[in-house]
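Take a look at the structure set out below.
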Amino acid sequence: MNRNEFLGKLGVAGLGGLLLPNLFTACSEETVPNIDVNFNGRVLIIGAGTAGLMAGYVLKRYNIDFEILEASSVHGGRVKETSTFTVFPIDLGAEWIHTDPDVLARLLDDSSINASIDIINYSPPEISIWKNDKLRNRNYFSNFYGEHKFKNSTWYSYLNDFIVPYIEADIIYNEVVSSIDYSTDNIAVETTGGNNYTADRVIITVPLSVLKDGDINITPSLPTSKINALNDVYMPDGIKVFMEFTEDFYPDVVLEGGLFQMNEFDGDKVYYNAAFGKDTNKHIFALFCVGEQATVYVNQPNKQALIDYILNELDEYFDGKASRSFVKHISQNWTAEPFIRGSYTHGNFDVLDELKTPIDEKIFFAGETMAPNDTSTVHGAANSAWVAVERLLADRG
Amino acid sequence: MRNIAILFLLALSINASAQKLGISYFGHYAILPGAKLSYQLTPSSLELAKKPLILQPEVGWFMEPDNYHDFLFNVNVGQQIKNVNKKSYWSYGLGLGYILESKITSFSQNLGNGNRENVERDTFHFFHPSANFGWHSNISSKSDLFLKYTLGYKMLSEAPSVLTMFLEFGIEIDLKKRSDE
């Protein structure tokens, strides 16, 4: 049971859906598909987030000619880290491992790898809720909540250390794709900088917001069914803020609202001890907020106004202790990222199958929106890349 | 641990005529798996009373897969409310227990073979006061089925205190009655 579901189901099912989190994660295991290769052309991957990088990694294994066009100057997409804020690296984007951590091995699918990653068994015992202007202990929630986190690494370092080295030479940065023309066998891709690329197949892995906003002019236009599906899903605001304090005055997790209030908003808001399970004496408390509740944070005029607003909120929770022991902060406003523009997929998940469907077996889609299961997760995005490449290489066209 | 063992021996040494052995499923929040073994004593002088007192030393175990194992040592003092005309009866009681918890804190995930390695655990000790309410039904002269609800509190530990709830169902076997009675 992941964070997203945890927060959501608290409101609806009163924790019932969270029981046996570790059993549930064990049940959600997916294995990477067996791939039959009937294709030997050239592939362009649009986007170097998790799905784009993973698609390149898989294509590389099968010696398929490919390039990745990344709009920004860095890879990772919504997976991003800072290693300078404190003594351990911090995930500024995706952070939790919302499934059995053996997915980290399954995605790489390479038994010759002689490496391991330290994982925190994330079952925080101190959980409080902020309700009716009062902080209330709800530690028994911890019996229903279990996930995993990286101990001294991050999702970013996982991608960077075990996937990027194989494909680094095939990533072209600062290439913002403006159009894709698949009307002929030779697919033409053009960038805002005026560069032209051609390929036999294209895998689009850009965030849902970029696809919805029409940044990429696709010719012939997307089928009506796909456009309708796009209209049913969206990527709301998202922000993360990490704060260092001189003292540990907070529980491991603070949720807002009562059992039946948490689904009042379409999104998540949680304050959490970001140093939980890490080998450190630093006191790092963080805000993770997505959806309607995030709007007030992402729209603050500047970083000082943002931290002032948050400290004021925390002072209410903790009787002024936040301001008194505040040291510094770092924030990541995902809504403000020009090539991301939001958090992760929300809306009507019934339409996702339509979104995942390739167009004419020439244009394929991958990313957290297109995950075969576990939409809105990193491993879901990576799995979607495996599925897209499997279908591409099967060359059903 | 030593004190718990002494408490158990004390309980077993009480002059009691009715002695029942209980074996049950012991589900933390109903569905987290566990098991419990209990030994129920009723002092001889109260055996035939309508509301006999019971003393019940218990050992239990419950767990969440890949997360924790908890071992419970508990003494329950309670009362049974019997109706001679009925085959079922109620019980309620108060318990004082000790919980030893072994919890996985971290491990290494091997990226080649997918195995978990170097699993690290922390051990926590809790006192566990509790209250329980049960329903028992005779299924033969020697045995009862029972369903019990227990609400408790894991406390006085270096780990945060937390509410507990158990749903228990199982069988109690009378060790002293002969089957032809």
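The values are calculated or read from the model by the stated rules, or taken from the named source; none is laboratory data. This one's a predicted model, so the numbers in the text were calculated from it and none came from an experiment. Heads up, the Cβs are rebuilt from the backbone with ideal geometry, glycines too, and the neighbour counts pull from every protein chain shown.
Determine which member of the set A:Ile68, A:Ile119, A:Ile129 is in contact with a helix residue (DSSP H, G or I) (Cβ under 7 Å, 6 or more places away or on another chain) and either assigned to a strand (DSSP E or B) or crowded, with 20+ Cβ neighbours inside 10 Å (or both). Every option except A:Ile68 fails the conditions. Every listed requirement among (1) under 30 Å from A:Gly146 (Cα atoms); (2) at pLDDT 90 or above is met by B:Ile31 save one, (2).
The residues listed here are B:Arg121, B:Arg116; of these, the one that is at the interface with another protein chain (Cβ under 10 Å from one of its Cβ atoms), without any contact (Cβ under 8 Å) to a residue 40 or more places away in the chain, more than 13 Å from B:Glu101 (Cβ to Cβ) and not β-branched (Val, Ile, Thr) is B:Arg116. Restricting the first member to region A:111-125 and to residues that are more than 7 Å from chain B (Cβ to nearest Cβ), and the second to residues that are hydrophobic (A, V, I, L, M, F, W, C), the beta-carbon pairs closer than 6 Å and six or more apart or on different chains are A:Pro124/A:Val253; A:Pro124/A:Phe276.
Applying the condition of being surrounded by fewer than 20 Cβ atoms within 10 Å (Cβ to Cβ) and not in a loop (DSSP other than H, G, I, E, B) to region A:137-161 and asking which residue is farthest from the other protein chains (Cβ to nearest Cβ) yields A:Asn160. Entry remark, region A:233-273: residues being crowded, with 17+ Cβ neighbours inside 10 Å and modelled with pLDDT under 85 number 5 in total. For region A:343-362, state whether one or more residues are in contact with a helix residue (DSSP H, G or I) (Cβ under 7 Å, 6 or more places away or on another chain), surrounded by 24 or more Cβ atoms within 10 Å (Cβ to Cβ) and not in a loop (DSSP other than H, G, I, E, B). Scanning region A:343-362, I find no residue that is in contact with a helix residue (DSSP H, G or I) (Cβ under 7 Å, 6 or more places away or on another chain), surrounded by 24 or more Cβ atoms within 10 Å (Cβ to Cβ) and not in a loop (DSSP other than H, G, I, E, B), so the answer is no. B:Lys148 meets the stated requirement of being basic (Lys, Arg) and away from chain A (no Cβ under 14 Å).
Out of everything in region B:87-121 that is hydroxyl-bearing (Ser, Thr, Tyr) and within 16 Å of B:Ile54 (Cα to Cα), what residue ends up being surrounded by the most Cβ atoms within 10 Å (Cβ to Cβ)? For region B:87-121, the residue satisfying everything is B:Ser91. Does A:Ser112 satisfy being under 18 Å from the mean Cα position of the chain (by Cα), of a type in the set (Ser, Thr, Tyr) and on the phi < 0 side of the Ramachandran plot? Answer is no for this residue.
In region A:163-171 there is no residue matching the filter, namely being facing chain B (nearest Cβ under 10 Å), in contact (Cβ under 8 Å) with a residue 12 or more places away in the chain and crowded, with 19+ Cβ neighbours inside 10 Å. When region A:277-331 is examined, which residues are found to be of a type in the set (Val, Ile, Thr), surrounded by 14 or more Cβ atoms within 10 Å (Cβ to Cβ) and outside any helix (DSSP H, G or I)? If the condition is that a residue be of a type in the set (Val, Ile, Thr), surrounded by 14 or more Cβ atoms within 10 Å (Cβ to Cβ) and outside any helix (DSSP H, G or I), then A:Ile284, A:Val290, A:Ile330 are the ones that fit. For the residues B:Leu145, B:Leu72, B:Leu111, the requirement of being among the hydrophobic types (A, V, I, L, M, F, W, C) and under 28 Å from A:Tyr140 (Cα atoms) singles out B:Leu72.
Can you confirm whether region A:30-50 contains a residue that is farther than 18 Å from A:Ala199 by Cβ, within 18 Å of the chain's Cα centre (by Cα), modelled with pLDDT of 95 or more and more than 14 Å from chain B (Cβ to nearest Cβ)? Within region A:30-50, one or more residues are farther than 18 Å from A:Ala199 by Cβ, within 18 Å of the chain's Cα centre (by Cα), modelled with pLDDT of 95 or more and more than 14 Å from chain B (Cβ to nearest Cβ). Which members of region B:131-181 meet the condition of being more than 28 Å from A:Pro125 (Cα to Cα), charged (D, E, K, R) and outside any strand (DSSP E or B)? Result: B:Lys142, B:Lys176, B:Lys177, B:Arg178, B:Asp180, B:Glu181. Scanning region A:62-98 for residues that are touching a residue at least 60 places away in the same chain (Cβ under 8 Å) and out of contact with any strand residue (DSSP E or B) (no Cβ under 8 Å at 6 or more places or on another chain) gives A:Tyr62, A:Ser72, A:Ser73, A:Val74, A:Val87, A:Phe88, A:Ala94. The set of residues in region A:199-234 being out of contact with any strand residue (DSSP E or B) (no Cβ under 6 Å at 6 or more places or on another chain), among the charged types (D, E, K, R) and not in a loop (DSSP other than H, G, I, E, B) consists of A:Lys212, A:Lys226.
Just so you know, in region A:363-397 the residues that are of a type in the set (D, E, K, R) and either out of contact with any Pro (no Cβ under 9 Å at 6 or more places or on another chain) or in a helix (DSSP H, G or I) (or both) include one that is farthest from A:Ala55 (Cα to Cα), and it is A:Asp374.
The residues in region A:86-107 that are part of a loop (DSSP other than H, G, I, E, B), facing chain B (nearest Cβ under 9 Å) and either under 16 Å from the mean Cα position of the chain (by Cα) or of a type in the set (Phe, Trp, Tyr) (or both) can be counted, and the count is 1. Selection of first residues in region B:92-111 that are more than 7 Å from every other protein chain (Cβ to nearest Cβ) and of second residues that are among the acidic types (Asp, Glu) and surrounded by fewer than 21 Cβ atoms within 10 Å (Cβ to Cβ), restricted to Cβ pairs under 6 Å at least 6 apart or on distinct chains, gives the following pairs, ordered by first then second residue: B:Lys103/B:Asp122. Only one of the numbered conditions (1) touching a residue at least 60 places away in the same chain (Cβ under 8 Å); (2) away from chain B (no Cβ under 13 Å); (3) of a type in the set (Lys, Arg) is not met by A:Lys134, and that is (1).
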